Amino acid sequence: MNTPIRTPLALALLAALSMTTLAPTARAETAPAASTDATAPHAGGTHATASLAASGAPLDSGAGDPATLDTISVVGHRETRQVQRIGKAELQAVALGTNPVKVLEKLPGVHFVSSDPWGSYEWSNRIAIRGFAQNQLGYALDDIPLGDNSYANNNGLSPNRAILPENIAELELAQGAGALRIPSTSNLGGALLLHSADPQSQFGARANFAYGDNATMRAFVRVDTGEHNGFSAYVSGMNNQADRWKGAGVQEQRQFNGKAVYQWDNGRIAAWLSTSRRNETDDPDLSLDLIRRCGYDWDNYAPDWQRALAAANGKFSGCVTTKDDAYYLARGLRNDDLASISGEFDLSEKLRVDATAYYHRNEGQGHWFTPHISSPTIPMALRITSYDIERSGLNARASYQLEHHTLEGGLWFEDSVHGAGRSFVNIAGPIDDQRFFDQFEFAQRLFRQRFDTRTRQWFVQDTMRWFDERLTVSAGFKGQDVVTDGTVVVAGRAGGRLRARDNFLPQLGLAWSLNEHSDVFANYAENQAAFRPGVNGAWSLTQASFDLSRASAKPEQSKTLELGWRYGDDHYQLSTTLYGVNFDDRQLVIVPCPGVVSCPNQFANVGKARTLGGEFAFVWTPTAQFRWLASYAYNDSQYRSNYLSSGKLVEVRGKQMVDTPKQLFATEVSYGVGEVELRLGGKYTGRRYYTYSNDAGTDAFWLWDAGVSWQRKDVGQIQSLRVGLNVYNLLDKTYIATLGSNGFRDYDPRGTFQTLLTGAPRQWFVSVEAKF
């Protein structure tokens, strides 16, 4: 097993991060040291002229570097796949602190849920697109890979921890298949790219403050240096604290973002630094039976220690009938440091090179007061799940422009070490667990694993334009070689090597401009997902089960075809898409016991699965003051093979994929009256299932949000002042938001599997933003 070696760049970045850490970092539990052409127009969209060069590559090279959007675009004119964008105005319109990924929910085919109003609570938030689950998509920030966005992320961090929403210039989403250049080993389906904003050319500052339900208080400050002989930079910080909407506990986060840019005639260099410190009090996993008995707002026992202790002793009260109906308290802690240096170099009029080197480290713990393990004096202990990541990498590409061709090629290298383990701490009563626990405090250790992963990915592509650029054709392929060595540090889970390698994953796309306002497009793509390490990954088995399955283990693969038509002018944007996806070696993770019990998972390869669907998006802007957006998606995602579980046949052929609604509908109306803007938006989510057999699921529901804002320029010394009011869940709908918080099962005939999280009731938030 080869341990990744830190490069001089990684060492320099580590030293810089050590000086900028916002909070003490936990002591290590082990020693896992890891080491084109001009911007194309977008029909129908209103765009600013500021370039996003050095803010990451667009998802599709067919249209060159993306421009900064003022609002929203559902039309990716001249692009050879479905690509849609959301700009700063849309991010500004939601409540301050809203997860930028949540803002995508109004786009067609995007299924997003969370039990909190901001979509930032990571145990609950989920995004799925066209039948692809959250950890089957690709995510990147300015060419920095962010991993698979899962809660127990093994190779990245969530977008919400990587960058503050105020520092995002644009979100770019490819629903069907990400471009070849996306640095991801999980994107069987679409990809999300976040572009960070560049520093302002003039010296200035901006600040905002939000207050609302649940004692929410959030503050943000940013200072820009202005441009000085090609150099510009900004630093920004945020502090957020809120009570939970039900029960005891707080949700806290502190973040720092800094960016520096040096630009000259033929290139630029940019540096990025981000730190995040999160402390989340967890919601309990609920079941249909528990919701019927105890209600939608049922929570853990804290601060009632005596009731929790009585339940641990088998003495139940009220609606409680089992030890797992509630626990005393649960918590998630995450510390992240992310840094990168990127460069863009125009070596000639035809040759351009882009490169990004990055470093990321993460430490996290999950805490549960469990009644299934006893301390010396009481029948309860604190269960600790430990996570750590250290990774560094290089993502580089070159493009060469010929008369009708843009030739591209690139390489992505990453070396990563991920540690995962589960242990228990003895307790004698309620303790403050808002800290990291060290290994010397562990009374018992259930398991500990270390994963060394070497990722090598490459691509080549030719983008061709003919007939006065009315026809655009892109053809290319990527190769992928991901090797993971799992090592057993403390026995209890499996160790061993798995490799996912495919040297030829082709993509072919074309777009034909029918006229200056409309075009048609088609795209075919093949993708592969590497084996996923971590507490819920391919190694979360007994050693015997892993050894038995390793020889025949195959990585998941997908084949995606999409066809569409787009139209855009000054008043209308329309987009229609039909798509089909075939999955090979679709892996199902089966959870056999309550999560707090921590038994090994079971895996089933259901072989093939398929998805068929269609999407429609429409934006109408008859005047500069009025806009109506509507999107609809139909998705039929089915398993195509049955499987064996504990020797018994589970019939899932023809069943709908878990947590995949067949129908999604979104609508939003915005209207401006002078300095005031009004917004009303609704989202319909169809019925979903949380068992593979579809014997248990949740009903469809509508959610409505509303907002009003007032904005004025030149108020005394303030260049721009904005005051807003946002109301989430306007009609106070009672609903189940998250499915699969504790995984999925074959069957749940009595509705007792605790894997559901209920959504927040109506919430309001007031914000004030000022730019100086």
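Things to note:
- Taking other C-beta atoms within 10 Å as the exposure proxy, Met464, Met380 rank Met464, Met380 from fewest upward.
- Here the chain is assigned +1 on the Cβ of each Lys and Arg and -1 on the Cβ of each Asp and Glu. Its dipole about the Cα centre then comes out at about 1860 debye.
- Phi to ³J(HN,Hα) by Karplus 6.51 cos²θ - 1.76 cosθ + 1.60 over the stretch 191-206, Hz, x for Gly, Pro: 8, 10, 10, 9, 9, 7, 6, 7, x, 6, 6, 10, 4, x, 9, 9
- In order through the stretch 668-675: 3J(HN,Hα) via Karplus (6.51 cos²θ - 1.76 cosθ + 1.60), integer Hz, x for Gly, Pro: 8, 10, 10, 9, x, 10, x, 8
- When the alpha carbon coordinates of the stretch 618-772 are projected onto the principal axes, the ranges are 74, 32, 27 Å, largest first.
- Which of Asp746, Asp432 has the fewest Cβ neighbours within 10 Å, and the rest in rising order: Asp432, Asp746
- Residues of type lysines that Lys88 reaches as a straight line, Cα spacing below 22 Å, ignoring anything fewer than 8 places off in the same chain: Lys102, Lys106, Lys259, Lys683, Lys713, Lys771
- With the convex hull drawn around the C-alpha atoms of the stretch 268-380, the volume per residue stands at 168 Å³.
- For the stretch 459-501, the alpha carbon convex hull comes to 83 Å³ per residue, rounded to a whole number.
- Partners of Lys655 within straight-line reach, counting lysines whose Cα lies under 23 Å from its Cα and excluding those fewer than 8 residues away in the same chain: Lys554, Lys559, Lys608.
- Residue order, fewest to most beta carbons within 10 Å, for Ile129, Ile168: Ile168, Ile129
- Taking every Cα-Cα distance in the stretch 320-400 and sorting them into 10 Å bins starting at zero, the pair-distance distribution P(r) comes out as 15, 25, 18, 15, 12, 9, 5, 1 percent.
- Rounded to the nearest 20 debye, the dipole magnitude of the stretch 254-338 is 220 debye, with +1 charges on Lys and Arg beta carbons, -1 on Asp and Glu beta carbons, and the Cα centre as origin.
- Theoretical gain in end-to-end length, Ala207 to Trp565 [0.36 nm per residue, Cα-Cα removed]: 124.7 nm
- Inter-label distance, nm, simple model (7 Å from Cα along the C-beta direction), Thr623/Ser374: 7.4 nm
- Area projected by the alpha carbon convex hull of the stretch 540-589, averaged over all directions, nm²: 5.7 nm²
- Residue-count net charge about Met217 - beta-carbon cut-off 11 Å; Lys, Arg +1, Asp, Glu -1: -1
- Angstrom value of the Kirkwood radius, inverse mean 1/r, which spans all Cα pairs in the stretch 706-750: 15.3 Å
- Overall dimensions of the stretch 402-472, expressed as equivalent-ellipsoid semi-axes from the Cα gyration tensor (√(5λ), whole Å, largest first), are 56, 16, 8.
- Counted charge near Gly686, where neighbours are those whose Cβ lies closer than 13 Å (Asp, Glu -1; Lys, Arg +1): +1
- Listed residues Ser196, Thr667, Val650: farthest to the positive end of the dipole of the chain (Cβ charges): Val650
- Close amide-amide hydrogen proximity is noted between Leu146 and Tyr139, Ala140, Leu141, each under 5 Å apart and 5 or more residues distant or on a separate chain (H modeled in the peptide plane; Pro and chain starts excluded).
- Pairs of C-alpha atoms in the stretch 192-274 farther apart than 22 Å represent 42 percent of all such pairs.
- Between Asp714 and Lys662, the contour length at 0.36 nm per residue exceeds the Cα-Cα span by 13.9 nm.
- Length gained when the stretch Trp466-Val490 is fully extended (0.36 nm per residue, less Cα-Cα span): 2.6 nm
- Per-q log10 I(q)/I(0), the chain, q = 0.05, 0.07, 0.08, 0.11 Å⁻¹ (Debye; single scatterer per alpha-carbon; no solvent): -0.23, -0.47, -0.63, -1.29
- Shape descriptor for the stretch 437-526: Rg over Rh equals 1.36 (Cα atoms; Rh from the Kirkwood inverse mean 1/r).
- Listed residue (Trp272, Trp710, Tyr639) projecting farthest to the positive dipole end of the chain, Cβ model: Tyr639
- Remark: the stretch 649-772 carries a charge dipole of roughly 80 debye about the Cα centre, counting +1 on each Lys and Arg Cβ and -1 on each Asp and Glu Cβ.
- Between the listed residues Asn582, Thr322, Gln136, the Cα displaced farthest toward the positive end of the dipole of the chain, a dipole computed from Cβ unit charges relative to the Cα centre, is found at Thr322.
- Across the stretch 280-328, the volume of the C-alpha convex hull divided among the residues equals 74 Å³ per residue.
- Net +/- balance of residues flanking Gln444 in space, Cβ distance below 14 Å, scoring K and R +1, D and E -1: +3
- Two-decimal log10 I(q)/I(0) for the stretch 335-481, as the Debye equation yields it once each C-alpha is a single scatterer, q = 0.10, 0.11, 0.19 Å⁻¹: -0.59, -0.64, -1.10
- Hydrodynamic radius of the stretch 87-208 per Kirkwood, over alpha carbon pairs, in Å: 14.7 Å
- Taking the alpha carbon gyration tensor of the stretch 461-598, multiplying each eigenvalue by 5 and rooting it gives semi-axes of 44, 18, 11 Å, largest first.
- Förster-model FRET efficiency, 25 Å R0, Asp636 and Asp584, C-beta, rounded to 0.05: 0.85
- The simple Förster model, with R0 at 30 Å and r as the Cβ-Cβ distance, assigns Arg435 and Ala310 a FRET efficiency of 0.65.
- With the highest mean first, a sort of the peptides 707-713, 661-667 on other beta-carbon atoms found within 10 angstrom per residue produces 661-667, 707-713.
Read-outs throughout are calculated quantities, based only on the coordinates presented, and are distinct from any laboratory measurement. Predicted, not measured: the structure shown is a model, and the values here were computed from it. Using ideal geometry, Cβ is built from the backbone for each residue, glycine included, and neighbour counts are taken over all protein chains shown.
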